[in-house]
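For reference, the structure discussed in these notes is given below.
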Amino acid sequence: MSLQDHVCELLNTIDACQVFFDITVNFDLTKNYLDLVVTYTTLMTILSRIEERKAIIGLYNYAHEMTHGASDREYPRLGQMIVDYENPLKKMMEEFVPHGKSLSDALISLQMVYPRRNLSADQWRNAQLLSLISAPSTMLNPAQSDTMPCEYLSLDAMEKWIVFGFILCHAVLNSDAAALSLWKLALQSSTCLCLFRDEVFHIHKAAEDLFVNIRGYNKRINDIRECKEQALSHAGSMHRERRKFLRSALKELATVLADQPGLLGPKALFVFMALSFARDEIIWLLRHADNIQKKSTDDFIDKHIAELIFYMEELRAHVRKYGPVMQRYYVQYLSGFDAVVLNELVQNLSVCPEDESIIMSSFVNTMTSLSVKQVEDGEVFDFRGMRLDWFRLQAYTSVSKASLGIADHKELGKMMNTIIFHTKMVDSLVEMLVETSDLSIFCFYSRAFEKMFQQCLELPSQSRHSICFPLLCTHFMSCTHELCPEERHHIGDRSLSLCNMFLDEMAKQARNLITDISRHTHTITNAVNKKSKKATGKKGEPEREKPGVESMRKNRLLVTNLDKLHTALSELCFSINYVPNLAVWEHTFTPREYLTSHLEIRFTKSIVGMTMYNQATQEIAKPSELLTSVRAYMTVLQSIENYVTIDITRVFNNVLLQQTQHLDSHGEPTITSLYTNWYLETLLRQVSNGHIAYFPAMKAFVNLPTENELTFNAEEYSDISEMRSLSELLGPYGMKFLSESLMWHISSQVAELKKLVVENMEVLTQMRTSFDKPDHMAALFKKLTSVDSVLKRMTIIGVILSFRSLAQEALRDVLSCHIPFLVSSVEDFKDHIPRETDMKVAMNVYELSSAAGLPCEIDPALVVALSSQKSENISPEEEYKIACLLMVFVAVSLPTLASNVMSQYSPAIEGHCNNIHCLAKAINQIAAALFTIHKGSIEDRLKEFLALASSSLLKIGQETDKMTTRNRESVYLLLDMIVQESPFLTMDLLESCFPYVLLRNAYHAVYKQSISANA
């Protein structure tokens, strides 16, 4: 109520003083007067749209009565106002009858401004509007106008003034042709106006409903209907053409200013005009697209709107970046030109009262005192006082009885308007940007905003401008007001969520394009690999194509799908790279980090996906194929650095290091866990089942001919090249995890072996001391149980250790290529450990060496795995005894292998088809680990093992049963393998236990047998 009282009082005072209004002369006074009228009208219109307004004020009065004990004394008036303003415009038309003269004068002054602003795109184009290069000779001349502030005045604001103003003082439409011309032009330009944010006012319907009840207004009603038809049929296309023109004009302006920022000084007016024109067109489209009154919607869908917004943001960025350039220019302008001209105007005034003279003199003095040094010293300028004084002076000189009437001195008014614009260029650039280019209204059109963004991403040519949408989110806080602080959080949260969503979608789109490019590259890589594996051509075949032929272009106009993907990616990356970061409501967003995080996630998924692991069929890609695919993917990712300033090496490090662990940061399985699981559960399990054998000569596991063919070829997964590829992929960390998993399986086998030893402990204890009594040993051997199980489990351990030695050798080869100096240092360190070194220190060195893939006398991983088995119920002495008896058990069990058909030694593979050659590695490694844990002498225990084993094997030389001794010679060779494998045993020691002539004869026999079998 108090607001209404103050507005009415102010309007009455203005009428009583017969204030002169002319937007081109006393701009601030006229603009604020028209804003007051429109704001008052808007407020009453919105109030009438609140459906529960009567209930709300009733509740308010009841609450007031409960709180203060009496009803609000203004309540009756408030209630009466609600009733009176049921149809607000009709009531206000009656209210404004006495104010008609002042209001119509202010509105008619727009006839010099509004028609000039409301031109078609063709007229703008013919006038070469906003072009800096159309007249090169005048490029450095300052952009001048008699109506400086009117040049960037909002078209939207002027249309509201005209529509609402002439509705309130409608009588002038019948008497003044200029008024009628303005009214018609405004009605033809739009179908609706913005009341507040996304609340709109449908002009033609409201005006027609108001005028239909006024006698003699049939002609005005016909005018409204004609204008409505004109607006519906032509307004959309007219605004579409304007936007098209502005896109090219703003692009040219932004490009020239980026190259020559010094032009921001003389041509600042052009920048703010361009921003204002573009802002008006964008807001018009947004408002009308949401309130379409026409069947055809083509004119209200603009897929290139992002480009226009982008060039607006570019101009805004230039103004912010080169603000000091503009300050420097306009400080010199104010002190060197404006002050001189204003002083002359003041001197030539015929009448100048004292108060006005003091204000004018202060203007001249303020401008004269300015210097460039103030800009260089970073001094903060503040001309708000000067602008407020000019506003007061307009009020003093615009009343009818003023001694110095501004109506008689229009040149003074126009000069002062120009000076005020120049002062704003020095101290209010940010405020000017908000005034001319604020697009915070998008905050209230979220659906349209998101739809525009999606259209922008879908159109490759527009995706380079998609960054303008996150940048628009920085505008949102400018639509908040200090009188409504509770709204800040709501609008701030909306700006953050939209900015986050836009940047996330942009990064996802870029990620998808990279994935598509990688898929193409992967396809090409596979094709090249398959080509290279084909057999070389025979004579008579046509000459093969030379490398690179597939990349030659037969026609430059031919655009492949890969070309399109690269173009789309470069466009989108331009957008992501456009700004390093942007601040939205005290939060900083970094677009490149969104891309980095998405690339990391997708790279992780792609690597795991490229393994093509199928749990049901246990199929997996060969390590070499995966390595080729990963390298192809990495090559594509590295190309991103050509478009965006991101550290792609960081992405590689983060992702590939995670892939060397059991699980990644999201708890998902990695290639390390997948390959470890596959080698243990698929390949090595099939070795245990007798379908695959380890061939030392080939350093690979090979499929054996069986009834049920395996779904994979073991050699293609375990040869030296595949193991090197696996080492490249998993790295030292991944290979360590693989080793630990292998050792866990070995430790479980050793635990079972210990149980078997415990079962046969008495017999083994006697056998340990009776190896020189053949008959007694034979009798004791018959008492042993689970002999085959012991040998089978030891063979499994040997197979696992053989696989590990392949993996370690491959890791050493890979690291020797990557870090040769470091590997050689570690190797040197290991080779020169003194024998008397403490075992803990030695184990640390062995652990380092093992991590580098170097073979060690004592396997540290095996020691750690077996150490964890110590039982609380068994004393260390008992544990040591079990370890010794385990070696006895294995030694006395070796002769039983001779009766096995599969124990035949094959010189071609340098091993046995049932993998018993792996026993050599198992015996040495298990002995070394167990006696390191129990602090026993490894050498003594292995000597004991050798004595027992040789004694047992010599005994089968005396056997006469051919079935029992069918592969006696092949088993003899195990002793030689054990000694060759061991760093603790020597051939001299073997000679003392087992005659070398038997070994020589055994080798001779197996080679002879192999030749005859082949023949």
Checklist entry - Considering every Cα-Cα pair within the range 684-1014, what fraction, in whole percent, is farther apart than 36 Å? => result 19 percent
Checklist entry - Hey, can you rank 136-145, 652-661 by average C-beta count inside 10 Å, highest first? => result 652-661, 136-145
Next on the checklist: I need the Debye-formula profile for the range 904-1015: one equal scatterer per C-alpha, no solvent, reported as log10 I(q)/I(0) at q = 0.11 1/Å, two decimals.
Outcome noted: -0.38
Checklist outcome for this item: Length gained, A70-S825, 0.36 nm per residue minus C-alpha separation, equals 262.4 nm
Checklist entry - Using a 1.4 Å probe, what is the accessible area per residue for the chain, in Å²? => result 48 Å²
Next on the checklist: With Kirkwood's inverse mean 1/r over C-alpha pairs for Rh, give me the Rg to Rh ratio of the range 303-434, two decimals please.
Outcome noted: 1.07
Next on the checklist: How are the alpha carbon pair distances in the chain distributed across 10 Å bins from zero to the largest one, expressed in percent?
Outcome noted: 2, 8, 13, 14, 12, 9, 8, 7, 8, 7, 6, 4, 2, 0, 0
Next on the checklist: Report D for the range 403-462 in µm² per second (integer): Stokes-Einstein, Kirkwood Rh on Cα pairs, 37 °C, 0.692 mPa s.
Outcome noted: 211 µm²/s
Checklist entry - What is the Rg over Rh value, at two decimals, for the range 719-759, using alpha-carbon atoms and the Kirkwood definition of Rh? => result 1.26
Checklist outcome for this item: Among trypsin sites (Lys or Arg not before Pro) in the range 361-452, those in a DSSP loop whose Cβ has at most 12 other Cβ atoms within 10 Å are K401
Next on the checklist: Quick check: the angle from helix 561-576's long axis to the longest principal axis of the chain, C-alpha only, nearest 10 degrees?
Outcome noted: 60 degrees
Checklist entry - How do 432-444, 45-57 rank on mean C-beta neighbours within 10 Å, highest first? => result 432-444, 45-57
Next on the checklist: What does the net charge come to around C150 if you take all other residues with beta carbon closer than 15 Å to its beta carbon, with K and R at +1 and D and E at -1?
Outcome noted: -3
Next on the checklist: At a threshold of 8 angstrom on Cα-Cα distance, excluding pairs fewer than six apart, so keeping six or more, what relative contact order does the range 374-462 reach in percent?
Outcome noted: 22 percent
Checklist entry - By how many degrees, between 0 and 90 and to the nearest 10, does the Cα long axis of helix 876-893 differ from the longest principal axis of the chain? => result 60 degrees
Checklist entry - How high is the relative contact order of the range 1-109, in percent, counting Cα pairs under 8 Å that sit 6 or more residues apart? => result 45 percent
Next on the checklist: Taking 8 Å as the Cα distance limit and 6 or more residues as the minimum spacing, I'd like the relative contact order of the range 684-1014 as a percentage.
Outcome noted: 19 percent
Checklist entry - Three principal axis extents, largest first, for the C-alpha atoms of the range 1-109, in Å? => result 53, 25, 21
Checklist outcome for this item: One finds the C-alpha centres of the range 318-353 and the range 363-437 to be spaced, in Å, by 9 Å
Checklist entry - Could you give the angle, 0 to 90 degrees to the nearest 10, between helix 968-981's Cα long axis and the longest principal axis of the Cα atoms of the chain? => result 50 degrees
Checklist entry - Of all the accessible heavy-atom surface of the chain, with the other protein chains kept in place and a 1.4 Å probe, what percent is carbon and sulfur? => result 53 percent
Checklist entry - Label-point separation (nm) for D84 and A697, each offset 7 Å from Cα along Cα-to-Cβ? => result 11.4 nm
Checklist entry - Cα centroid distance between the range 693-717 and the range 206-282, in Å? => result 79 Å
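The values are calculated or read from the model by the stated rules, or taken from the named source; none is laboratory data. Here the structure is a predicted model, which is why all the values come from computation and not from measurement. Ideal geometry is used to build each Cβ from the backbone, glycine not excepted, and the neighbour counts take in all protein chains shown. Only protein heavy atoms, including side chains, enter the accessible area calculation; ligands, DNA and RNA are left aside. Shrake-Rupley method; radii C 1.70, N 1.55, O 1.52, S 1.80 Å.
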